[in-house]
């Protein structure tokens, strides 16, 4: 989440008049995240998140994202629900952007995830994968392996501004991944961006999953690999084995990974690290200086990728899964 588009009091009041949500009490921008403009909105009827979809989001994908939240919620996944206006619409326009209101979830995201929270995250991810079955819309992963080289081409000439040798390192890793990428793994709906700031807890109980704007159809195990990268490294990007074991044990307790998925995990984890190295590098070089948004350091994923390159099997993440 972030703020790129400013919304005035009058604009927001006119927008809210199309809903049955009472009168506007207050609102403020949310700086976390990188994709869309977001505001926390308080009305006399409750608290909501207002999202304005920025240029990197294809408006044709919005029915998928919003419909998926409704589908998952109906199947027991605690996630935000799009709010329908007086005419039953979930999408409208505000400040020149397509916009939607979604319900607010209580909880706090963990800045330093605990082992117990990693276990709960693994279970919730598996439940989400199962709940996603039967969703009728489909969306390809625009940031899957086929999208990595075109994204790199957009900033490769400036990669050395981030760190020396980055251009060559990414080029070499992309060649490896394009040849080694596992095919024919179990597919389904994945979140694809399930970082700690997209998961809320009340105490150590997982209370909700948010931000489905990268969700797509892809290998389910790739979503697990994204979470290993996002949850199982410390502040210096050193792998924490207890967290990796907890996450995978939690996932396996609900949806056991197949033998092919286990064998593929090291490559999938390298790919997930590459995906976030690429997007963070692009954003680092291209985010407007005056945007109310927290840029994220690509160097974290250089270190994580190096760790995954040293991994021989899933046993290096969670030995008990193959014991």
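The values are calculated or read from the model by the stated rules, or taken from the named source; none is laboratory data. Predicted model only: the values in this text are computed from it and were never measured. Neighbour counts run over all protein chains shown; Cβ positions are idealised from the backbone, glycine included.
At-a-glance table
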read-out	value
Residues located in the stretch 234-250, provided they are surrounded by fewer than 18 Cβ atoms within 10 Å (Cβ to Cβ) and assigned to a helix (DSSP H, G or I)	241, 242, 249
Test: residue in the stretch 60-83 that is surrounded by fewer than 16 Cβ atoms within 10 Å (Cβ to Cβ), in the same structural domain as residue 98 (by TED's automatic domain parsing) and without any contact (Cβ under 8 Å) to a residue 12 or more places away in the chain	yes
The stretch 178-189 - residue that is in contact (Cβ under 8 Å) with a residue 24 or more places away in the chain and surrounded by fewer than 16 Cβ atoms within 10 Å (Cβ to Cβ) and, of those, nearest to the chain's Cα centre (by Cα)	187
Lone qualifier among 215, 225, 230, 269 - being touching a strand residue (DSSP E or B) at 6+ places or on another chain (Cβ under 7 Å), under 25 Å from residue 187 (Cβ atoms), crowded, with 20+ Cβ neighbours inside 10 Å and modelled with pLDDT of 95 or more	215
Some residue of the stretch 300-310 being at pLDDT 95 or above and assigned to a loop (DSSP other than H, G, I, E, B)	yes
Residue check, residue 40 surrounded by 15 or more Cβ atoms within 10 Å (Cβ to Cβ), closer than 24 Å to residue 195 by Cβ and over 18 Å from the mean Cα position of the chain (by Cα)	yes
Qualifying residues in the stretch 283-297 (those that are in contact with a helix residue (DSSP H, G or I) (Cβ under 9 Å, 6 or more places away or on another chain) and either part of a helix (DSSP H, G or I) or more than 30 Å from residue 251 (Cβ to Cβ) (or both)) - the one modelled with the lowest pLDDT	293
Residue identified as more than 17 Å from the chain's Cα centre (by Cα) and over 19 Å from residue 214 (Cα atoms) among 111, 154	154
Residue 280 vs. criteria assigned to a helix (DSSP H, G or I), touching a helix residue (DSSP H, G or I) at 6+ places or on another chain (Cβ under 7 Å) and surrounded by fewer than 22 Cβ atoms within 10 Å (Cβ to Cβ)	yes
Answer from 116, 35, 20, 93 - the residue that is farther than 21 Å from residue 207 by Cβ and either surrounded by 14 or more Cβ atoms within 10 Å (Cβ to Cβ) or assigned by TED's automatic domain parsing to the domain that holds residue 295 (or both)	35
Per-region count, the stretch 146-166, residues in a helix (DSSP H, G or I) and crowded, with 18+ Cβ neighbours inside 10 Å	5
So residue 71, is it over 30 Å from residue 284 (Cα atoms) and over 24 Å from the mean Cα position of the chain (by Cα)	no
Residues within the stretch 23-59 that are without any contact (Cβ under 8 Å) to a residue 24 or more places away in the chain and more than 30 Å from residue 136 (Cα to Cα), tallied	8
Matching residues in the stretch 124-145 - criterion: being within 17 Å of the chain's Cα centre (by Cα), part of a helix (DSSP H, G or I) and either without any contact (Cβ under 8 Å) to a residue 24 or more places away in the chain or closer than 21 Å to residue 69 by Cα (or both)	124, 125, 126, 127, 128, 129
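Residue-wise test of (1) more than 23 Å from residue 12 (Cβ to Cβ); (2) out of contact with any strand residue (DSSP E or B) (no Cβ under 7 Å at 6 or more places or on another chain).
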position	(1), (2)
78	yes, no
92	no, no
98	no, yes
104	no, no
114	yes, yes
